[in-house]
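The values are calculated or read from the model by the stated rules, or taken from the named source; none is laboratory data. As the structure is a computational prediction, the values presented were derived from the model and not from experiment. No Cβ is skipped: glycine too gets one built from the backbone with ideal geometry, and neighbour counts run over all protein chains shown. For the accessible areas, the whole protein counts, side chains as well, though only heavy atoms, and no ligand, DNA or RNA atoms are used. Shrake-Rupley method; radii C 1.70, N 1.55, O 1.52, S 1.80 Å.
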Amino acid sequence: MTRILLVEDEESYRVPLAYRLEKDGFEVAQAATGPDAVELFAASGADLVLLDLMLPGMEGTQVCREIRRTSDVPVIMLTAKDDEIDKVVGLELGADDYVTKPYSYRELLARVRAVLRRRGDLSVSDEHAPSDAIAVGRISMDTVRHEVSVAGELVAVPLREFELLEMFLRNPDRVLTRGPLT
């Protein structure tokens with residue numbers, strides 16, 4: 001399984017992205033600070049690094065330098081900095097790609113797969129792995145691609161609602177409770 005190190009200090013970006021990457025078949029390790037990223041990479045390595053530039057403790061550019069001292073692992077910078085000079089500096093430091101926020105998950109996933117394919121770390125068949133589809137009535141859901149359609153038309157669904165809908169679709173004709181409060 002391909003291991004991705006996701007380095008992002010904003011939990012609101014990191015957690016949903018990790019969830020979606022895991023749904024797409026990747027193993028995801030997460031770091032919220034620059035020093036944590038360097039330590040985690042040194043301890044466990046990764047097949048690819050998704051790296052934010054603005055991190056507490058150590059800037060993403062320094063994290064990239066540290067990783068480049070020992071490895072040529074692919075690095076995709078994932079940041080809100082969208083000035084040309086920021087992109088040039090990131091690529092000059094050794095990043096393989098540069099994606100600015102806000103981004104489309106599908107585009108990011110395509111870039112991840114393209115970088116891994118170029119390195120020979122992802123076979124073409126992995127890109128077209130079978131989906132995990134659920135259908136109940138007029139609603140269908142692809143849990144791998146994180147897509148929901150109603151009567152054949154795609155509908156955008158936020159992460160929490162997607163998870164709830166998946167639970168409901170997997171348990172038709174059941175009354176679900178949240179369980180005992182603790």
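Could you tell me whether any residue of the range 92-101 is crowded, with 17+ Cβ neighbours inside 10 Å, of a type in the set (Asp, Glu), closer than 20 Å to Ala37 by Cβ and modelled with pLDDT of 80 or more?
Looking through the range 92-101, at least one residue is crowded, with 17+ Cβ neighbours inside 10 Å, of a type in the set (Asp, Glu), closer than 20 Å to Ala37 by Cβ and modelled with pLDDT of 80 or more.
For the range 47-63, state whether one or more residues are surrounded by fewer than 17 Cβ atoms within 10 Å (Cβ to Cβ), touching a strand residue (DSSP E or B) at 6+ places or on another chain (Cβ under 6 Å) and farther than 15 Å from Leu17 by Cβ.
Looking through the range 47-63, none of the residues is surrounded by fewer than 17 Cβ atoms within 10 Å (Cβ to Cβ), touching a strand residue (DSSP E or B) at 6+ places or on another chain (Cβ under 6 Å) and farther than 15 Å from Leu17 by Cβ.
Kindly indicate whether Asp126 is at pLDDT below 70 and part of a helix (DSSP H, G or I).
Working: at pLDDT below 70: yes; part of a helix (DSSP H, G or I): yes.
Here the answer is yes, as Asp126 does meet what is asked.
Which members of the range 13-26 meet the condition of being more than 17 Å from Val99 (Cβ to Cβ) and either open to solvent by 80 Å² or more (accessible area, probe 1.4 Å) or touching a helix residue (DSSP H, G or I) at 6+ places or on another chain (Cβ under 8 Å) (or both)? Break it down into steps so the answer makes sense when it comes.
Applying the first criterion (more than 17 Å from Val99 (Cβ to Cβ)) to the range 13-26 yields 15, 19, 22-23, 25.
Once the filter is applied, which keeps residues that are more than 17 Å from Val99 (Cβ to Cβ) and either open to solvent by 80 Å² or more (accessible area, probe 1.4 Å) or touching a helix residue (DSSP H, G or I) at 6+ places or on another chain (Cβ under 8 Å) (or both), the range 13-26 yields Tyr19, Glu22, Gly25.
Regarding Arg138, is this residue modelled with pLDDT of 80 or more and not aliphatic (A, V, I, L, M)?
In short, yes.
Based on this model, can you work out whether Arg160 counts as closer than 21 Å to Tyr13 by Cβ, open to solvent by 60 Å² or more (accessible area, probe 1.4 Å), modelled with pLDDT of 75 or more and in a helix (DSSP H, G or I)?
Working: closer than 21 Å to Tyr13 by Cβ: yes; open to solvent by 60 Å² or more (accessible area, probe 1.4 Å): yes; modelled with pLDDT of 75 or more: yes; in a helix (DSSP H, G or I): yes.
Yes, satisfied.
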